[in-house]
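The next block holds one structure in the form of structure tokens; read it before the comments.
The values are calculated or read from the model by the stated rules, or taken from the named source; none is laboratory data. Note that the structure is predicted; figures quoted are calculated from it, not measured. Here the Cβ is made from the backbone with ideal geometry for all residues, glycine too, and neighbour counts use every protein chain on show.
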Amino acid sequence: MITTENRVTQLFEQHDDSSKIMSLFLTAGYPDLQACVDLILGFDENGVDMVELGMPFSDPLADGPTIQYSSNVAIEQGITMKKILDIVEQVRKQSEIPIILMGYINPVLRYGAEDFCRDAAEAGVDGLIIPDIPIEESGILTEEAQRYQLPIIYLVAPNTSDERMQKIDQQSQGFVYCVSVTGVTGAREGDEVAQSVQRFIDRVKANITNNPKMVGFGIKSHEDAQRIAADMDGFIVGSALIDTIREHYPEEGWKEQVFAFVRSLKYGTE
């Protein structure tokens, strides 16, 4: 399913300014394979604009404890790259929601860069985020990704220089992922953090001018999203989502609890 009109590009081109684009990060295979498919389909029906599907890895250096936990659960249940792509294929039978694969370069290289990009595109993947491969070393993946029309999305963080932000803006496709707090992933709070985030966002606005800007790492409520993403095109929620799944799964009605949380992120408290 290789399309010339990329779903991510279409999302940003067609989205109006009345609301922020909301993307959710979900670890592939968490809390189990079928539940993962069901969640993504439900996200599409509950205001989610885009999904980042995490590729579990046994040594996730940049992930906080919540995402490490979900990765470990998926790995223990036997998640593989093929099963990750199967999840995307299952979703594609019923949904056109943009799906980006996010994870470390090791599993990609183990699978083979060309095979990975080909199979991902055929499954219906719309882009790649590989946080541990800098733009200077991305050539091994960039050529194959371009061949199969898979945008590579790069990250900027508070410790990224202005010059490097501009370089990443030139290289990134689809959007730029703005990591609002340096360090491992997870929900953050406090006035000092808020001031630091605002300084970072001001720099992002000045230096990222070619691509849409999505901000993530630390958003856990509608209020967080309004405050942190006010000057961005949208926001990304990961750890808070997985915490919510972990709290309710597998009790009766757990999915509706998760979808209620998702709706509250975009539309406010219900």
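Restricted to the stretch 107-141, and to residues there that are of a type in the set (Val, Ile, Thr) and either in contact with an Asp or Glu (Cβ under 9 Å, 6 or more places away or on another chain) or modelled with pLDDT of 95 or more (or both), the residue that is surrounded by the most Cβ atoms within 10 Å (Cβ to Cβ) is VAL125. Take the conditions touching a Gly at 6+ places or on another chain (Cβ under 6 Å), touching a residue at least 40 places away in the same chain (Cβ under 8 Å), aliphatic (A, V, I, L, M) and surrounded by 23 or more Cβ atoms within 10 Å (Cβ to Cβ) and apply them to ILE84. Does it pass? No; evaluated as a whole, the condition is false for this residue. When the stretch 92-106 is filtered for residues that are touching an Asp or Glu at 6+ places or on another chain (Cβ under 7 Å) and of a type outside the set (Phe, Trp, Tyr), the ones remaining, listed by number, are SER95, ILE97, PRO98, ILE99, ILE100, MET102, ILE105. Among all positions in the stretch 175-195, there is no residue which is modelled with pLDDT of 90 or more and assigned to a helix (DSSP H, G or I). The residues of the stretch 200-222 that are in a helix (DSSP H, G or I) and farther than 30 Å from ASN72 by Cα, listed by number, are PHE200, ILE201, ASP202, ARG203, VAL204, LYS205, ALA206, ASN207.
LEU241 satisfies every condition listed in (1) closer than 21 Å to ILE135 by Cβ; (2) touching a strand residue (DSSP E or B) at 6+ places or on another chain (Cβ under 6 Å) except (1). Does any residue of the stretch 229-247 turn out to be over 20 Å from the mean Cα position of the chain (by Cα) and within 20 Å of THR27 (Cβ to Cβ)? Among the residues of the stretch 229-247, at least one is over 20 Å from the mean Cα position of the chain (by Cα) and within 20 Å of THR27 (Cβ to Cβ), which makes the answer yes. Note on the stretch 1-91: enclosed helices (runs of 4 or more DSSP H) holding 3 or more residues that are farther than 26 Å from ARG110 by Cβ and either among the aliphatic types (A, V, I, L, M) or in contact with an Asp or Glu (Cβ under 9 Å, 6 or more places away or on another chain) (or both) are 7-14, 33-45. For the stretch 126-141, taking the residues that are β-branched (Val, Ile, Thr) and closer than 18 Å to ALA157 by Cβ, the one that is farthest from the chain's Cα centre (by Cα) is identified as ILE135. Residues in the stretch 204-228 that are basic (Lys, Arg) and closer than 21 Å to GLN171 by Cα were compared, and the one that is farthest from the chain's Cα centre (by Cα) is LYS205.
Residue-wise test of (1) outside any helix (DSSP H, G or I); (2) closer than 22 Å to GLN14 by Cα; (3) among the aliphatic types (A, V, I, L, M).
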| site | (1), (2), (3) |
| --- | --- |
| GLN226 | no, yes, no |
| MET232 | yes, yes, yes |
| LEU241 | no, no, yes |
| GLU252 | yes, no, no |
| LYS255 | no, no, no |
| LEU265 | no, yes, yes |
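Among the conditions (1) free of Cβ contacts under 8 Å to residues at least 60 places away in the same chain; (2) touching a helix residue (DSSP H, G or I) at 6+ places or on another chain (Cβ under 8 Å); (3) farther than 18 Å from LEU128 by Cβ, the only one that GLN68 does not satisfy is (2).
Considering only residues in the stretch 217-270 that are of a type in the set (Phe, Trp, Tyr), touching a residue at least 12 places away in the same chain (Cβ under 8 Å) and under 17 Å from SER70 (Cβ atoms), the one that is surrounded by the fewest Cβ atoms within 10 Å (Cβ to Cβ) turns out to be TYR249.
I need the full set of residues from the stretch 87-106 which are over 17 Å from the mean Cα position of the chain (by Cα) and either basic (Lys, Arg) or surrounded by 17 or more Cβ atoms within 10 Å (Cβ to Cβ) (or both), in order please.
Hits for the stretch 87-106 are GLN90, ARG92, LYS93, SER95.
Considering only residues of the stretch 37-68 that are modelled with pLDDT under 95 and more than 21 Å from VAL215 (Cα to Cα), which is surrounded by the most Cβ atoms within 10 Å (Cβ to Cβ)?
Among those residues, the one meeting the criterion is PHE57.
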